[in-house]
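Bear in mind that the values in this text are calculations on the coordinates, not laboratory data. Bear in mind that the values here come from a model prediction, so they are computed numbers and not experimental data. Note that we place each Cβ from the backbone using ideal geometry, even for glycine, and neighbour counts take in every protein chain shown.
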Amino acid sequence: MTTGRAPRKNPKVEAAMSRTSPSPIAIEPVAGEPWVKLADGAALAHWTREDEIALNQANRQTEKYGFFVKAFDFLTENRVRGDYHEFGCHRCRTFRMALTEARRHNQDQMKFFAFDSFAGLPDAASDPSVELWKRGALATSEGEFMQMVREHGIYADRVVTIKGFYADSLTPALQRRFRDNENKIALVNIDCDLYESAVPVFDFIEPLLQEGSVLYIDDMFSGYKGSPAKGVARAFREFRARSRFKFVRHLDIGWWGRSYIAYIDPDGPAAEE
Ligand SMILES: C[S@@+](CC[C@H](N)C(=O)[O-])C[C@H]1O[C@@H](n2cnc3c(N)ncnc32)[C@H](O)[C@@H]1O
């Protein structure tokens, strides 16, 4: 395990955030009618690429957090007990959301597994449409990740990292160990961008699923121009065809993600896409 420091505050991002924090949609009277209050030319006169990125990030993180609030409420209300698995952990943003909501729901038995290369993406063989998705992109070291977990201060002693590229790290032996020693999955966050990254993840989690497990598929519409025939959406479609579980569509997360709930119904028709 490396021991890098977690990245500190970035003044440029802070300045952009102060100009861009998303506000709820407001209505103003225009031409005698209630119209949506929009930023106009004057308000956007000095709008930069940095502002655009900060606003997108703010919107995306807000939507993701909204999902975690609802997902943990679903788990508690339905008494689905088990662990949290995250495949694609990078800056610890969604992982921290899971820790916070787990604490709010007094999930005192839950363990939190962070699966990542901690060295960024592998080579992409599946031709994603996002230029940034190159080998080594989106890298956060294991030390930096754990530093962020510790600074967050929730259930840090129950966070376990599993380091390595999935094609190597998600071995049958590790799967057996999880099957024998750990809880089933309550919530799994699959946030690893690439088709070839998601394929071994789905196979790994299959025996750890239970009725009521929530699957958050972050990249349902990202990275491959939204095509369901490519990317993580394709990996999930292929997995559904071979899984002993069925999956009912549950929540939409922004324009990019979707969650499903695993269930067993050997005779019934498959749930809608
Ligand atoms: C979009 S980032 C995850 C963002 C993270 N959930 C957050 O909220 O900060 C994608 C992550 O997936 C990891 N990843 C992608 N493919 C992988 C693979 N085949 N094996 C291991 N890690 C992988 C990358 O290292 C990266 O940390």
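Calculate the FRET efficiency for HIS250 and ARG49 from the Cβ-Cβ distance with a Förster distance of 30 Å, rounded to the nearest 0.05. The value I calculate is 0.30. Derived scalar couplings between HN and Hα for the range 129-137 equal 8, 8, 4, 5, 6, 10, 3, x, 5 Hz in order, rounded to whole Hz, by the Karplus curve 6.51 cos²θ - 1.76 cosθ + 1.60 (θ = phi - 60°), x for Gly and Pro. Between VAL160 and LYS225, the C-beta separation translates, for a Förster distance of 41 Å, into a calculated FRET efficiency of about 0.70.
As an equivalent ellipsoid, the range 132-185 spans semi-axes of 23, 20, 8 angstrom, where each value is the square root of five times an eigenvalue of the C-alpha gyration tensor, largest first. Using the charge dipole of the range 192-273 (Lys, Arg: +1 at Cβ; Asp, Glu: -1 at Cβ; taken about the Cα centre), state which of LEU209, GLY231, TYR263 has its Cα farthest towards the positive end. With unit charges placed on the Cβ atoms, the residue in question is GLY231. Each of TYR224, TYR263 was scored by other Cβ atoms within 10 Å of its Cβ. Arranged with the fewest first, they read TYR263, TYR224. Ranked by the mean number of other Cβ atoms within 10 Å of their residues, highest first, the peptides 60-70, 231-241 fall in the order 231-241, 60-70. With the convex hull constructed from alpha-carbon coordinates only, the range 23-98 shows a mean projected area of 8.2 nm² over all directions. In this structure, the amide hydrogen of ALA124, modeled 1.01 Å from its nitrogen in the peptide plane, lies closer than 5 angstrom to those of ARG135, counting only residues at least 5 positions away or on a different chain. Neighbour counting of Cβ atoms within 10 Å sorts the residues LEU138, LEU99, LEU251, LEU44, fewest neighbours leading, into LEU44, LEU251, LEU138, LEU99.
Take every Cα pair under 8 Å whose residues are at least 6 apart in sequence, average their separation, divide by the length of the range 63-263, and the relative contact order is 22 percent. Listing ASP193, ASP40 from fewest to most neighbouring C-beta atoms within 10 Å gives ASP40, ASP193. Compute the separation of the alpha-carbon centres of the range 124-193 and the range 50-83 and state it in Å as a whole number. If you average the Cα positions of each part, the centres end up 18 Å apart. Build a GNM of the chain with springs between Cα atoms under 10 Å apart, and of THR100, THR161, THR171 the one that fluctuates most is THR171. The dipole here belongs to the range 63-263: it is taken about the Cα centre, uses +1 on the Cβ of Lys and Arg and -1 on the Cβ of Asp and Glu, and is about 460 debye.
Listed by chain and number, the aspartates and glutamates placed with their C-alpha closer than 13 angstrom to that of LYS225 are ASP127, GLU131, ASP193; residues fewer than eight positions away on the same chain are left out. P(r) tail for the range 168-226, what percent of Cα pairs lie past 14 Å? Here the long-distance tail beyond 14 Å is 58 percent of all Cα pairs in the range 168-226.
Taken one residue at a time, the phi angles of the range 46-59 give Karplus couplings (6.51, -1.76, 1.60, θ = phi - 60°) of 10, 5, 10, 4, 5, 4, 4, 5, 4, 5, 4, 4, 4, 4 Hz. Gly and Pro are set to x. Cross-link reach is defined here as a Cα-Cα straight distance under 23 Å, omitting same-chain residues fewer than 8 places apart; for LYS111 the lysines meeting it are LYS64, LYS70, LYS163, LYS184. In the P(r) worked out for the range 202-263, what percent of Cα pairs fall beyond 16 Å? Roughly 42 percent, rounded to a whole number. Packing-based ranking of 143-150, 179-186 yields 143-150, 179-186, ordered from highest to lowest mean Cβ neighbour count within 10 Å. Applying 1/(1 + (r/R0)^6) with r as the Cβ-Cβ distance of ARG104 and GLU33 and R0 = 30 angstrom yields a FRET efficiency of 0.15. Put simply, the amide H of ILE253, placed in the peptide plane, has neighbours under 5 Å in ARG258, SER259, leaving out anything fewer than 5 places away on its chain.
Its Cα gyration tensor gives the chain an equivalent ellipsoid, and the semi-axes of that ellipsoid, as √(5λ) in whole Å with the largest first, are 32, 23, 20. The alpha-carbon of LYS246 sits under 16 angstrom from the alpha-carbons of these aspartates and glutamates, leaving out residues fewer than 8 places away in its chain: ASP203, GLU206, GLU211, GLU238, ASP265, ASP267, GLU272, GLU273.
Backbone geometry of the range 104-114 corresponds, through the Karplus equation with coefficients 6.51, -1.76 and 1.60 at θ = phi - 60°, to 3J(HN,Hα) couplings of 4, 9, 6, 7, 7, 9, 5, 10, 10, 9, 10 Hz, x marking Gly and Pro. Under conditions of 25 °C and 0.890 mPa s, the range 69-140 yields 175 µm² s⁻¹ as its translational diffusion coefficient, taking Rh as the Kirkwood radius over Cα pairs in the Stokes-Einstein equation. With a 10 Å cut-off between alpha carbons and a GNM built on the chain, which of HIS46, HIS250, HIS85 moves the most? Maximum among the listed residues: HIS46.
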